[in-house]
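Remarks on the structure that follows.
The values are calculated or read from the model by the stated rules, or taken from the named source; none is laboratory data. Quick caveat: nothing in here was measured; it's all calculated off a predicted structure. Virtual Cβ from ideal backbone geometry, glycine too; neighbours counted across all protein chains shown. For the accessible areas, the whole protein counts, side chains as well, though only heavy atoms, and no ligand, DNA or RNA atoms are used. Shrake-Rupley method; radii C 1.70, N 1.55, O 1.52, S 1.80 Å.
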Amino acid sequence: MPAQFTITADPARDLIRIKMSGFFTPADIAAFRAARAVEHAKLTCRRNRHLTLNDISGMQVQAQDIVTAFQSLLADPAYRSRRLAFVISRTLARSQLMRALEVRTARCFEDAATAEAWLLLPEDELAAA
């Protein structure tokens with residue numbers, strides 16, 4: 001299954017919504033990087049104060065070079081969000097995702113509504129969530 005993705009900025013909520021599926025190639029990563037820059041430019045919050053909701057429930061397990069490319073994408077300080085929520089299927093290897101995340105404020109969810117609710121929690125309510 002070829003890679004597909006959408007990236008949408010929601011400036012009113014300081015939120016970036018991403019949906020990804022399929023098997024990514026280096027060309028897909030480059031296209032994703034360019035699309036991410038366009039959408040991030042629409043945010044009005046301070047740098048790195050946005051939230052990111054990424055639905056990867058349609059992703060396939062990726063080749064190691066693609067996992068490394070995703071690590072690079074996630075590590076880019078210009079696009080680092082203050083919180084990440086992933087909607088993930090049970091079949092996708094969570095360990096592959098968590099390895100790509102390294103040390104981040106991130107959680108995995110099985111549905112988008114729960115993921116978005118967690119993202120939008122005030123900072124002082126995070127510890128209880």
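Scanning segment 109-126 for residues that are at pLDDT 80 or above and over 11 Å from LEU84 (Cα atoms) gives GLU110, ASP111, ALA112, ALA113, THR114, ALA117, LEU121, PRO122, GLU123. If we keep just the residues of segment 42-67 that are at pLDDT 90 or above and open to solvent by 50 Å² or more (accessible area, probe 1.4 Å), which is nearest to ALA31 (Cα to Cα)? In this case the residue turns out to be ASP65. Out of the residues in segment 1-41 that are out of contact with any His (no Cβ under 6 Å at 6 or more places or on another chain) and part of a loop (DSSP other than H, G, I, E, B), which is modelled with the lowest pLDDT? Within segment 1-41, the match that is modelled with the lowest pLDDT is MET1. Screening ARG13 on (1) closer than 19 Å to ALA85 by Cα; (2) surrounded by 18 or more Cβ atoms within 10 Å (Cβ to Cβ) shows it passes everything except condition (2).
Screening ALA106, ALA129 for residues that are exposed (fewer than 15 other Cβ atoms within 10 Å of the Cβ), in contact with a helix residue (DSSP H, G or I) (Cβ under 9 Å, 6 or more places away or on another chain) and at pLDDT below 90 leaves exactly one candidate, ALA129.
Taking the criterion of being open to solvent by less than 40 Å² (accessible area, probe 1.4 Å) and not aliphatic (A, V, I, L, M), the residues of segment 77-87 that qualify are SER81, ARG83, PHE86.
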